[in-house]
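The values are calculated or read from the model by the stated rules, or taken from the named source; none is laboratory data. Predicted model, so just to flag it, every value in this text is computed and none were measured. When we count neighbours, we look across all protein chains shown, and the Cβ atoms used for this are built from the backbone with ideal geometry, even at glycine.
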Amino acid sequence: MKHVLAIFLLIIGTFSMRVSAQSGGLPQNDIRRIANSVVQIAIITKDGVRTSGSGTIVTATGMIFTNQHVIEGAQEIAILFLESIEEPPVFKYLANVVASFPNEDFAILQIDRDQTGAYLDMRNLNLPYLDPTYPDVTLGERVYVFGYPAIGDGYLVLVDGMITTIQNGAVNGERMPVWYQTDAEISPGNSGGVAVNSRGELVGIPTLVQTETQTGARLGRIRPFRAISVLYDDYLAYVNNPENSPTPILRPQDALPTPLATPTLTIGNELTVALQSLTHNIGLPDQTDLGMRISTRITATGLIGQPLRIAIFFFWEDGTPISGENAHPRNRAPNGQLTIQQLLTPGYASTLWDDYWFWLPYRAFPPKPRGSYQAYIEAQIGLDGMGFVAWSERLPFTLNYP
């Protein structure tokens with residue numbers, strides 16, 4: 001981690017000291033309020049660190065909306081915050097992916113560690129944030145786009161323009177805008193930031209730029225917050241009530257989230273999970289099907305009375321998430337991945353579950369041609385409603401299709 005931080009600081013130090021902003025007609029108080037909630041995102045890989053785009057903080061506990069392509073290929077995700085609107089942002093936090101919707105190019109991140117990698121109690125972050133709104137948008141209306149395009153040399157850039165096109169689509173059976181187009185100068189790096197109207201209300205997430213090759217004309221595309229709210233509501237419904245959560249209308253094909261690292265929680269508390277065994281051909285007294293029994297070992301220290309969520313996620317050998325298309329709705333993550341989840345509440349200052357086990361029937365697995373297939377499981381655990389913060393090692397197994 002120290003090596004990664006050194007590379008990161010070197011990259012940040014090479015930015016030229018140049019401010020690029022246009023205030024337009026948006027009041028200065030709104031500009032500063034919004035700017036403080038827009039972050040720069042950098043991805044950390046084995047090859048080093050590179051800034052990749054922008055994000056918008058939508059809760060005081062550090063939840064961030066951005067585009068999926070901004071965090072593509074990341075092993076870790078660094079979050080940079082403004083300390084002064086006239087200075088480049090500062091590397092302060094690391095974040096994890098809690099939900100991803102590749103088809104809609106949308107991702108939800110959760111800040112969970114400081115810049116050294118130490119875990120945080122997200123409830124105490126108290127970060128500046130923007131509450132997503134769904135204002136009516138009209139053709140020709142002026143919008144203001146905040147973000148960190150590469151052309152801004154690492155500084156926050158504010159540009160404005162008008163809504164040139166409103167494209168409707170069906171979401172949950174209701175016609176609503178699914179794209180806005182704008183002539184505001186959106187550039188690579190703006191992706192994942194925020195577009196607001198003249199009242200400072202959130203309009204959407206700048207996502208891509210379309211260019212006409214013959215004339216060089218450019219229009220930026222903004223994903224409306226109203227359409228994004230469908231994905232966010234489905235994510236929240238699953239977190240709060242996985243057994244009765246709705247099936248997402250805009251469902252991604254590639255199931256996520258998966259962990260980007262395997263750290264240990266250290267916030268004055270400790271939370272760990274380990275996979276102990278997977279046993280085949282196990283029946284239960286109240287079940288006619290056979291299935292697999294998965295044994296875990298869980299420790300929770302300093303978390304007495306706080307609901308925890310433990311989950312088992314299923315993957316094929318190549319890392320592709322196993323689909324839950326055949327499973328009961330409670331065994332399908334919002335993105336369609338096969339999972340088993342349960343809530344636990346520690347009853348002691350230091351609580352140990354030495355053999356906390358799960359059972360899953362074989363009929364929950366998707367259909368495959370006859371043969372044997374290699375797969376693995378991974379356990380994840382965290383405070384309920386706040387994302388997973390600790391992961392187990394992978395446990396491989398063989399799935400036989402007769």
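Mind listing whichever residues of the range 333-364 are in contact with a Gly (Cβ under 9 Å, 6 or more places away or on another chain) and more than 18 Å from G382 (Cα to Cα)? The answer is G336, Q337, L338, W359, L360, P361, Y362, R363, A364. Just to be sure, is Y129 surrounded by 23 or more Cβ atoms within 10 Å (Cβ to Cβ) and closer than 20 Å to T66 by Cα? Spelling it out, it is not the case that Y129 is surrounded by 23 or more Cβ atoms within 10 Å (Cβ to Cβ) and closer than 20 Å to T66 by Cα. Selection over the range 36-65 of residues that are closer than 19 Å to P88 by Cβ and either in a strand (DSSP E or B) or out of contact with any Pro (no Cβ under 7 Å at 6 or more places or on another chain) (or both) gives a count of 18. Considering the conditions (1) in contact with a helix residue (DSSP H, G or I) (Cβ under 8 Å, 6 or more places away or on another chain); (2) modelled with pLDDT under 75, L10 is excluded by exactly one of them, (1).
L352 meets all of the listed conditions (1) out of contact with any helix residue (DSSP H, G or I) (no Cβ under 7 Å at 6 or more places or on another chain); (2) closer than 29 Å to M63 by Cβ; (3) at pLDDT below 90 but one, namely (2). The condition (being modelled with pLDDT under 85 and within 25 Å of V97 (Cα to Cα)) is satisfied by just one residue among G387, G319: G387. Taking (1) in a loop (DSSP other than H, G, I, E, B); (2) modelled with pLDDT of 90 or more in turn, P346 satisfies each apart from (2). For the range 276-316, give me each residue that is aliphatic (A, V, I, L, M), surrounded by 13 or more Cβ atoms within 10 Å (Cβ to Cβ) and modelled with pLDDT under 90. Scanning the range 276-316 gives I282, L290, A300, L303, I304, L308.
Every residue in the range 132-172 that is in a strand (DSSP E or B), among the acidic types (D, E) and surrounded by fewer than 17 Cβ atoms within 10 Å (Cβ to Cβ), please.
Within the range 132-172, the subset in a strand (DSSP E or B) is 142-147, 157-171.
If we keep only those that are among the acidic types (D, E) too, we end up with 160.
Of everything in the range 132-172, nothing turns out to be in a strand (DSSP E or B), among the acidic types (D, E) and surrounded by fewer than 17 Cβ atoms within 10 Å (Cβ to Cβ).
Quick one: which of E393, E378 is at pLDDT 90 or above and either loosely packed, with under 12 Cβ neighbours inside 10 Å or on the phi > 0 side of the Ramachandran plot (or both)? Step by step, each of E393, E378 is checked, and only E393 is at pLDDT 90 or above and either loosely packed, with under 12 Cβ neighbours inside 10 Å or on the phi > 0 side of the Ramachandran plot (or both). When the range 173-195 is filtered for residues that are surrounded by 13 or more Cβ atoms within 10 Å (Cβ to Cβ) and either over 19 Å from I41 (Cβ atoms) or hydroxyl-bearing (S, T, Y) (or both), the ones remaining, listed by number, are M176, P177, V178, W179, Y180, Q181, T182, D183, A184, E185, S187, S191. The test for being at pLDDT 85 or above, assigned by TED's automatic domain parsing to the domain that holds I44, aliphatic (A, V, I, L, M) and surrounded by 17 or more Cβ atoms within 10 Å (Cβ to Cβ) does not hold for I205. Scanning the range 94-131 for residues that are of a type in the set (S, T, Y) and outside any strand (DSSP E or B), we see that the one that is nearest to V171 (Cα to Cα) is Y129.
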